[in-house]
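Taking it in order: structure first as structure tokens, then the write-up.
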Amino acid sequence: MELKRPKRKRKFLLFGICLLLLIVITIFLYGFINAHYYNRRQDALQYSDTPIVKTIGGVPYAIPAKYLSILTSLRNKVVQSTNIGTLYPDFVGMTPENRDEIYGQPALRGRAINILIKDNRHESSVEQRLKIKRHVYQLNIEEQRNEHLIKYSNDISLEHTSPKEMYATDQLGDGMRYLFCGVKEEIDGLPNGTTPHCRSVYLVDHGKSWIEYGFPRPMIMNAELPLLEEWQQIETGVKKLVSSFREAGAAAVSQSTGTLND
């Protein structure tokens, strides 16, 4: 009997090792399979019209998942800002077919428009933020395109005054507006296909939300369409899209409140 005990111990030890391995393998397979299906669900959600409510500056925006940046959480939550990707001129959301046009290599993003919605409750106004930039640009009036659009340039190499060109107009319906554009020299040495970008800003909800949008400069260098006219078309599309998110957000909150009251 004494000789059989070591064999019995070895059997128990072997059984324990096998059981432990089985548990580890089970956990690994469960995690792998779960991650696989989770990623598939996330991909399906990313391309869907499912509204994701982001509350920014106290204002709810119900944004279809297909418009949210691929780095943005697809959960309803209060955030300081959120990024939106779309394509000009149709302002469509992301699909498997156009994903690279919105988020791919620079050479592919010739029609991409990126929109930032940011909480502006504790920030200064657009006019105050642009005061330094505008002053530096206006020191050198390089060209006046027409009576409604003035171009300013800046050759001073200061971080807060980049990019190098500014366009000003009062034709967009809400006071003087500014468009800041980079120039080719600023992208030398960057990946092939990189183009200068232009950006503009406006406020909504009595200044609670800061809307900033940007697009590749070649988009506004179409010889068949004046700069001001295309800028107006881009901004009109951006405003219409953002307004639809705000209206859907208000409706979602109203519906949620009504359900709770019922």
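In the range 236-256, the residues that are under 19 Å from GLU212 (Cα atoms) and at pLDDT below 95 form no Cβ pair under 6 Å with any partner that is part of a helix (DSSP H, G or I) and not aliphatic (A, V, I, L, M), whether six or more places apart or across chains. Taking the numbered list (1) assigned to a helix (DSSP H, G or I); (2) modelled with pLDDT of 85 or more in turn, ALA44 passes all entries but (2). ALA107 passes every criterion in (1) more than 30 Å from GLU230 (Cα to Cα); (2) modelled with pLDDT under 75 apart from (1).
The values are calculated or read from the model by the stated rules, or taken from the named source; none is laboratory data. Just so we're clear, the structure is a prediction, and the values are computed from it rather than from any experiment. So basically every Cβ, Gly included, is an ideal-geometry build from the backbone, and we count neighbours across all protein chains shown.
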